[in-house]
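Take a look at the structure set out below.
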Amino acid sequence: MGILEVKGVNKRFGGLKALNEVNIGIEAGTVHAIIGPNGAGKSTLLNCLVGRLEPDTGTVDFDGVSLLNRQPHEINQLGISRVFQTPEIFGELSLVENVMIPALAKRDGPFSLDAWSEVGGQKDVLDRAMAMLEDVNLGEKANVSAKELSRGDKRRLELAMCLVQDPKLLLLDEPTAGMSRADTNNTIDLLKKIGERGITKIVIEHDMHVVFSLANKVSVMAQGTVIAEGKPEQIKGDPRVQEAYLGGAHL
Ligand code: ADP
Ligand code: MG
């Protein structure tokens, strides 16, 4: 039994079948990449894992517990954290405040910024948030407003916001999207470093360099279906995968 078991999941948007009988099993402690062309259904699948979307049919079990019909904050408190395709951070707050919020949300449930004045000074949470910023090499910018950050730094901040929750499963939707090659390589190194903590990860990624640097296993999606699954070396040579990527242009 994997830590996450997705079985027979279907999701329609009107006439469009965004997910069609999707089955994926994720083993604890591994990095599992989900790749596939634009529109394949990767983000839709991730949304079904975090309670942003409800599958029409099928099951999603995490650590032996069903994730269906749960609020996003409940799923988060069960141990799943997510880095979004577009960073979701509070621009007006400092970096360390941004990292404190998910720590408080994990502990106390849904977080309202109205309550900030009461919790802002909690030293244990502050210390932990600072440590996470150091881990992603943003310690020196702890008191800078998040809106001042470069795109690459915003992604790193978001990673710290996930890690502070000490998740069992980390979901990364295109963690290197829009980054330069240098920033991409830094992110790969960072993800390898946090890999040493044994957090299970699902990485959605376009960039094959990232996939082959990080993943133990790869699932390939096209048109809402998983069309191939295996180790990165196997996937690389799979003709179905090359066809899905229009003649292998991306591989
Ligand atoms: P990917 O992340 O693999 O690029 P998505 O999961 O974002 O793909 O999208 C899969 C398909 O579902 C696409 O055709 C997309 O346009 C469609 N889709 C995604 N979200 C919605 C939505 N909320 N409403 C309608 N269609 C959607
Ligand atoms: Mg997507």
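The values are calculated or read from the model by the stated rules, or taken from the named source; none is laboratory data. Everything numeric in this text was worked out from a predicted model, so none of it was measured. Using ideal geometry, Cβ is built from the backbone for each residue, glycine included, and neighbour counts are taken over all protein chains shown. Accessible surface areas use protein heavy atoms only, side chains included; no ligands, DNA or RNA. Shrake-Rupley method; radii C 1.70, N 1.55, O 1.52, S 1.80 Å.
Per-structure values
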item	result
The range 71-83: number of residues that are open to solvent by less than 20 Å² (accessible area, probe 1.4 Å) and not in a strand (DSSP E or B)	2
Residues being within 15 Å of ligand 1 (Cβ to nearest atom), crowded, with 18+ Cβ neighbours inside 10 Å and without any contact (Cβ under 8 Å) to a residue 60 or more places away in the chain - total across the range 45-70	4
Every residue from the range 18-44 that is open to solvent by 70 Å² or more (accessible area, probe 1.4 Å) and either within 11 Å of ligand 2 (Cβ to nearest atom) or touching a strand residue (DSSP E or B) at 6+ places or on another chain (Cβ under 7 Å) (or both)	21, 23, 28, 38, 39
Residue list for the range 159-180, restricted to those being acidic (Asp, Glu) and within 19 Å of residue 134 (Cα to Cα)	166
Residues of the range 133-167 classified as buried (at least 17 other Cβ atoms within 10 Å of the Cβ), more than 17 Å from the chain's Cα centre (by Cα) and not in a loop (DSSP other than H, G, I, E, B), total	4
Residues (in a loop (DSSP other than H, G, I, E, B) and within 15 Å of ligand 1 (Cβ to nearest atom)) located in the range 11-42	14, 15, 36, 37, 38, 39, 40, 41
Members of the range 206-235 that are open to solvent by 70 Å² or more (accessible area, probe 1.4 Å) and modelled with pLDDT of 85 or more	216, 223, 229, 231, 233, 234
Among the candidates 109, 15, 121, residue that is more than 16 Å from ligand 2 (Cβ to nearest atom), open to solvent by 30 Å² or more (accessible area, probe 1.4 Å), modelled with pLDDT under 90 and over 18 Å from the mean Cα position of the chain (by Cα)	121
Residue 92 surrounded by fewer than 17 Cβ atoms within 10 Å (Cβ to Cβ) and under 20 Å from the mean Cα position of the chain (by Cα)	no
Residue selected from the range 190-205 under the condition among the basic types (Lys, Arg) and modelled with pLDDT of 80 or more, by the criterion least open to solvent (accessible area, probe 1.4 Å)	201
Failed item in (1) within 30 Å of residue 147 (Cα to Cα); (2) at pLDDT 95 or above, with residue 92 passing the rest	(2)
